[in-house]
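The values are calculated or read from the model by the stated rules, or taken from the named source; none is laboratory data. Computed from a prediction, not measured in an experiment: that's the story for all the values here. Quick reminder, even Gly has a Cβ in these numbers, built from the backbone with ideal geometry, and neighbours come from all protein chains shown. Remember, those area values only see protein heavy atoms, side chains included, never the ligands or the DNA or RNA. Shrake-Rupley method; radii C 1.70, N 1.55, O 1.52, S 1.80 Å.
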Amino acid sequence: MKRQKRDRLERAQSQGYKAGINGRSSEDCPYQSTEARTNWLGGWREAREDLQSGLFK
């Protein structure tokens, strides 16, 4: 059970990162649960930081 939960949260973060790289708004988060939403927004923030530091164009 823990393995599935961890994978779901990792997937949420990965999807948030992809959304951030593609320029989507943080308001576009599709998750309602607190844990998944937190991970999605964490990935989104990380992507925005990477964009600002010049890792992606």
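In region 33-55, which residues are open to solvent by 90 Å² or more (accessible area, probe 1.4 Å) and assigned to a loop (DSSP other than H, G, I, E, B)?
Residues of region 33-55 that are open to solvent by 90 Å² or more (accessible area, probe 1.4 Å), as a first pass: 34-35, 45, 49, 52, 55.
Within region 33-55, just L55 meets the criteria.
Please determine whether any residue of region 19-26 is in a helix (DSSP H, G or I) and open to solvent by 90 Å² or more (accessible area, probe 1.4 Å). Give the steps one after another, and end with the answer.
At the first step, the residues of region 19-26 found to be in a helix (DSSP H, G or I) are 19-21, 26.
Imposing the further condition that a residue be open to solvent by 90 Å² or more (accessible area, probe 1.4 Å) reduces the set to none.
No, the conditions are met nowhere in region 19-26.
Can you name every residue in region 22-57 that is among the hydrophobic types (A, V, I, L, M, F, W, C) and more than 10 Å from the chain's Cα centre (by Cα)?
First, pick out the residues of region 22-57 that are among the hydrophobic types (A, V, I, L, M, F, W, C): 29, 36, 40-41, 44, 47, 51, 55-56.
Listed by number, the residues that qualify are L51, L55, F56.
Could you check P30 against (1) modelled with pLDDT of 95 or more; (2) part of a helix (DSSP H, G or I) and say which number it fails?
(2)
Among the residues of region 46-55, are any at pLDDT below 95, among the hydroxyl-bearing types (S, T, Y) and out of contact with any Lys or Arg (no Cβ under 6 Å at 6 or more places or on another chain)?
For region 46-55, residues at pLDDT below 95, among the hydroxyl-bearing types (S, T, Y) and out of contact with any Lys or Arg (no Cβ under 6 Å at 6 or more places or on another chain): present.
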